[in-house]
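The values are calculated or read from the model by the stated rules, or taken from the named source; none is laboratory data. It should be emphasised that the depicted structure is a prediction, and the values quoted were computed from it without experimental measurement. All Cβ positions, even for glycine, are placed from backbone atoms using ideal geometry, and neighbour counts span all protein chains on display. Keep in mind that these areas ignore ligands, DNA and RNA; they rest on the heavy atoms of the full protein, side chains included. Shrake-Rupley method; radii C 1.70, N 1.55, O 1.52, S 1.80 Å.
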Amino acid sequence: MKRVVIYWLFLSVFIQSCHKHLVKTKTDFNYVDLQQTEASIVLTDSIKRYKTIVDHETSKVIAIADNPLTKTGNENTLGNFVCDAMEQVCLQQYKIKPDITLVNRGGLRVELPKGEIKKLHLFELMPFENQLVVFSITGKQLMEVIALIKEYKHSFKGMRLDFTTNEEVILINELKLDTTAIYKLLTSDYIAEGGDNFKMFGKPSYLNSDKIKLREALIQYCIFLNEQNKHIIPYTDGRYK
């Protein structure tokens, strides 16, 4: 008898619990079979229409690469290409000549193929919404940046680093690094705000008021090269040894 009472008590609690759950579920969600409604037809047509527009835009060929751009090696052709694009757009739009350009290796998601470069390739290369920013840093902060470059092989422009000899060589625009000097750093807001362990900047004051996405800078640079009848020529120049 005692077992029967316990059983009914348990079953009662279980039923009440299930009952409460079902009521709450009906309150929070409405089930709509998209396969059976007129709205789904409108939605499907809208998706098709936008997909056609997106496909048309992203399939545009905007540059030609003479060879693949890869992330192979400490210094790599893909990173150099991205730094060139960042600097070019910074000069054109912000009228600022950066001393150093920096992009984090992990931010470059795919390599670029030889031949036709489409907008889609650049969306795959840079799927994030990171923006270009320029700000001033001290030579001492730059030493910390170089330590991270050495450890994680980030890509850069404006410096020559040689760690192959006992006496490390660090040149900024062919001049020896001055720890008391102020340098202009061009990079992404992701890095400026401490991403990928770049914690040394605090809250920097940006020198550029307008912001452009890094991906858009790459697209603009490709279009610029194409308009100049130039191809993307992958290269390394020994800036990092």
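Tell me the residue from Leu142, Leu207 that is surrounded by fewer than 19 Cβ atoms within 10 Å (Cβ to Cβ) and under 15 Å from Pro98 (Cα atoms), please. Reasoning before the result, please.
Working: Leu142 fails: surrounded by fewer than 19 Cβ atoms within 10 Å (Cβ to Cβ).
From the options Leu142, Leu207, the qualifying one is Leu207.
Take segment 111-136 and flag every residue that is within 27 Å of Leu207 (Cβ to Cβ) and either part of a loop (DSSP other than H, G, I, E, B) or of a type in the set (Val, Ile, Thr) (or both). Spell out how you get there, then give the answer.
Step one: of segment 111-136, the residues within 27 Å of Leu207 (Cβ to Cβ) are 122, 125-136.
Within segment 111-136, Met126, Pro127, Phe128, Glu129, Asn130, Val133, Val134 meet the criteria.
Scanning segment 153-178 for residues that are at pLDDT below 95 and hydroxyl-bearing (Ser, Thr, Tyr) turns up Thr164, Thr165. Residue check: is Lys213 on the phi > 0 side of the Ramachandran plot, out of contact with any Cys (no Cβ under 7 Å at 6 or more places or on another chain) and open to solvent by 30 Å² or more (accessible area, probe 1.4 Å)? In short, no.
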